[in-house]
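The values are calculated or read from the model by the stated rules, or taken from the named source; none is laboratory data. It should be emphasised that the depicted structure is a prediction, and the values quoted were computed from it without experimental measurement. All Cβ positions, glycine included, derive from the backbone under ideal geometry; neighbour counts span all protein chains shown. In case anyone asks, the SASA skips ligands and DNA or RNA and just uses the protein heavy atoms, side chains included. Shrake-Rupley method; radii C 1.70, N 1.55, O 1.52, S 1.80 Å.
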Amino acid sequence: MNYRDYLIYDLESTSATPKSTQPASLAAVVVHGRTLEIKPNSEFNSLIQVVTDQEECDRLGLDKMQEGAVKVHGLSEEKLADAPTLKTVWANFTEYVNEYNFRGNDFTAPVSVGYNINNFDSVIVERICSQEPWNYGPKSDKFPRGTIFHPIYSIDMMQVTHMFFENDKAVSSLSMDNLVRSHMGYDKGKGHDALDDVIMTAELFCRFQKMIRGIASKRKFQGSMASA
């Protein structure tokens with residue numbers, strides 16, 4: 001029986017390059033590990049002020065807000081001018097995540113969940129936790145990695161949906177807009193708003209995880225590979 005919570009999160013950013021982009025907004029919700037329901041009052045949502053000076057961005061190895069990014073999420077530098085700094089937002093987010101770590105150690109930390117987080121969001125999170133110019137933690141004393149989420153388990157819903165739709169000719173792309181909003185008919189939210197995307201991903205995760213639990217409970221696994 002799973003006793004950890006699942007923390008579904010999403011970042012909007014200044015560019016499409018995870019190793020140099022700046023986070024522009026961060027949102028999250030928490031799903032109960034046993035009931036697979038979104039926990040009441042578990043929303044986190046904040047805009048983030050970004051570095052706007054080109055020379056400073058070059059010095060820090062960061063991408064300024066790119067026009068293509070603004071077209072996707074609508075967060076211009078002007079809209080973020082009065083937002084809290086990344087350091088402040090990350091301190092608040094770390095405190096928020098720790099509320100769902102029932103024993104306060106690495107292995108009882110929430111399991112991170114998102115859509116395409118393996119290739120994007122988790123890279124940014126690792127930079128924030130343990131790499132310059134940020135290095136805000138929390139991070140391991142023994143290994144060069146962040147410790148905000150569970151150190152082993154992480155669920156990327158794009159990878160999960162790939163297993164179900166990889167041979168479906170009606171699905172041309174596994175992007176959130178194409179698969180979830182268009183093909184699966186999820187019409188809530190405006191898209192590429194961090195909180196809307198998080199809630200949609202959380203509901204998608206709950207549906208798939210309940211389905212998988214139902215299938216797993218009816219399958220025989222013990223000894224099933226003995227004759228392979």
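The table below lists the values:
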{"read-out": "Extended-chain gain in nm, criterion 0.36 nm per residue less alpha-carbon gap, residue 141 and residue 215", "value": "22.6 nm"}
{"read-out": "Dipole in debye (nearest 20) - region 89-228, about Cα centre, beta carbon charges: Lys, Arg +1; Asp, Glu -1", "value": "720"}
{"read-out": "Options 81, 20, 7, ranked by Cα towards positive dipole end of the chain, top entry (Cβ charges)", "value": "7"}
{"read-out": "Magnitude of the charge dipole, region 1-158, Cβ model with Lys/Arg +1 and Asp/Glu -1, debye to 20", "value": "600"}
{"read-out": "Cβ charges +1 (Lys, Arg) and -1 (Asp, Glu), total dipole of region 24-76, debye", "value": "360"}
{"read-out": "R0 of 22 Å, Cβ-Cβ distance residue 123-residue 55: FRET efficiency to nearest 0.05", "value": "0.35"}
{"read-out": "Helical contribution to [θ] at 222 nm, DSSP H n ≥ 4, -39,500 (n - 2.57), averaged over the chain, rounded to 500", "value": "-9500 deg cm²/dmol"}
{"read-out": "Residues whose placed amide H lies under 5 Å from that of residue 2, excluding near-sequence neighbours", "value": "none"}
{"read-out": "Most to least accessible of 184, 176 (protein chains only, probe 1.4 Å)", "value": "184, 176"}
{"read-out": "Accessible area in square angstrom per residue, the chain, 1.4 angstrom probe", "value": "55"}
{"read-out": "Surface share of carbon and sulfur [accessible, 1.4 angstrom probe, percent] for region 30-165", "value": "48"}
{"read-out": "Given charges at Cβ of Lys, Arg, Asp, Glu: region 98-211 dipole, positive-most of 192, 107, 175", "value": "107"}
{"read-out": "Tilt relative to the chain, helix 194-218 - C-alpha long axis, 0 to 90 degrees, to 10", "value": "20"}
{"read-out": "Accessible-area ranking of 90, 134, largest first, probe 1.4 Å", "value": "134, 90"}
{"read-out": "GNM flexibility winner over the chain from 136, 115, 153 (Cα, springs under 10 Å)", "value": "153"}
{"read-out": "Angle in degrees between helix 86-98 and the longest Cα principal axis of the chain, rounded to the nearest 10", "value": "30"}
{"read-out": "Percent RCO, i.e. relative contact order, over region 88-228, from Cα pairs under 8 Å lying at least 6 residues apart", "value": "18"}
{"read-out": "Gained length - residue 82 relative to residue 152, 0.36 nm times residue gap less alpha-carbon distance", "value": "21.6 nm"}
